[in-house]
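**Q** Questions regarding the structure given below will be posed in turn.
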Amino acid sequence: MAKIQEGSTAPDFTLTDTQGQSVSLSDYLGRRHVVLIFNRGFMCPFCRRHMAQLRQEYVEFVARDAEVVVVGPDSASAFKDFWQREELPFVGLADPTHTVAQRYGQEVKLLKFGRMPAMMVIDKAGQVRYKHYGDAMSDIPPNPKILAILDELNQEEARG
């Protein structure tokens, strides 16, 4: 399974969100940057903590003209339950067949208990501008780093 490279065009996909609506990556083209996060599932304490941190700072992502999209291996009903219980304002997409995770190269390391976290920042043109593939369950880039990347993208956009 090939990893996504910075500068490449992000592969489009369509999954169902926690409200039962189809969401495609291409829905955001020309409109918003996308912070695409592949988590390990809701059993992962590091992923749950990351979701809470994203919720707390979501307004900062929106202020930078970005949408947070989280893709995970849990079922659609588990996603819906978790999103409602945690009152998460961003997009959650169930990928129980791992189709999108595989397309984006999310790694599975059995000796490290399964899927490793992965994250991409995709600009409004659909280009991958940042990618991170975690080496451990806790290897998740901090929000300030991602916010700084979004600031750079917006500065580039303003310069034309």
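**Q** Under 23 Å from Glu157 (Cβ atoms), not charged (D, E, K, R) and not in a helix (DSSP H, G or I): is that true of Val68 in this structure?
**A** On the way: under 23 Å from Glu157 (Cβ atoms): yes; not charged (D, E, K, R): yes; not in a helix (DSSP H, G or I): yes.
Judged against the criteria, Val68 is a match.
**Q** How many residues does segment 4-22 contain that are farther than 26 Å from Asp139 by Cβ and β-branched (Val, Ile, Thr)?
**A** 2
**Q** So, one more: For segment 25-42, name all the residues that are within 25 Å of Pro142 (Cα to Cα), within 15 Å of the chain's Cα centre (by Cα) and open to solvent by 20 Å² or more (accessible area, probe 1.4 Å).
**A** Listed by number, the residues that qualify are Tyr28, Arg32, Phe42.
**Q** Closer than 17 Å to Ser8 by Cβ and among the β-branched types (Val, Ile, Thr) - does that describe any residue in segment 102-120?
**A** First pass over segment 102-120, keeping only residues closer than 17 Å to Ser8 by Cβ: 102-106, 118-120.
So of that shortlist, the ones also among the β-branched types (Val, Ile, Thr) come out as none.
Among the residues of segment 102-120, not one is closer than 17 Å to Ser8 by Cβ and among the β-branched types (Val, Ile, Thr), which makes the answer no.
Matching residues to (1) modelled with pLDDT of 95 or more; (2) out of contact with any Cys (no Cβ under 7 Å at 6 or more places or on another chain); (3) surrounded by fewer than 17 Cβ atoms within 10 Å (Cβ to Cβ); (4) part of a helix (DSSP H, G or I):
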position	(1), (2), (3), (4)
Trp83	no, yes, no, yes
Leu93	yes, yes, no, no
Leu111	no, yes, yes, yes
Val121	yes, yes, no, no
Ala125	yes, yes, yes, no
Ala136	no, yes, yes, no
Ile140	no, yes, no, no
Asp151	yes, yes, yes, yes
Glu157	no, yes, yes, yes
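**Q** Let me ask something else about it. Could you list, in sequence order, the residues of segment 18-35 that are of a type outside the set (Val, Ile, Thr), part of a loop (DSSP other than H, G, I, E, B) and farther than 19 Å from Met119 by Cα?
**A** Across segment 18-35, the qualifying residues are Gln19, Gly20, Gln21, Gly30, Arg31.
**Q** Then there's this: Can you tell me which condition Thr14 does not meet? The list is (1) in contact with a helix residue (DSSP H, G or I) (Cβ under 6 Å, 6 or more places away or on another chain); (2) free of Cβ contacts under 8 Å to residues at least 12 places away in the same chain, and all the others hold.
**A** Checking Thr14 against (1) in contact with a helix residue (DSSP H, G or I) (Cβ under 6 Å, 6 or more places away or on another chain); (2) free of Cβ contacts under 8 Å to residues at least 12 places away in the same chain, the one that fails is (1).
**Q** Check off (1) open to solvent by less than 10 Å² (accessible area, probe 1.4 Å); (2) touching a Leu at 6+ places or on another chain (Cβ under 6 Å); (3) of a type outside the set (Gly, Ala, Ser) for Leu15 and give me the number that stays unchecked.
**A** Only one criterion is unmet by Leu15, namely (1).
**Q** Quickly run through segment 68-103 and pick out the residues that are within 16 Å of the chain's Cα centre (by Cα), closer than 16 Å to Gly114 by Cβ and among the hydrophobic types (A, V, I, L, M, F, W, C).
**A** Across segment 68-103, the qualifying residues are Val71, Ala101.
The values are calculated or read from the model by the stated rules, or taken from the named source; none is laboratory data. What you see is a predicted model; the values in this text were computed from it and never measured. We place every Cβ from the backbone using ideal geometry, glycine too, and count neighbours over all the protein chains shown. The area values use the complete protein model at the heavy-atom level, side chains included, leaving out ligands, DNA and RNA. Shrake-Rupley method; radii C 1.70, N 1.55, O 1.52, S 1.80 Å.
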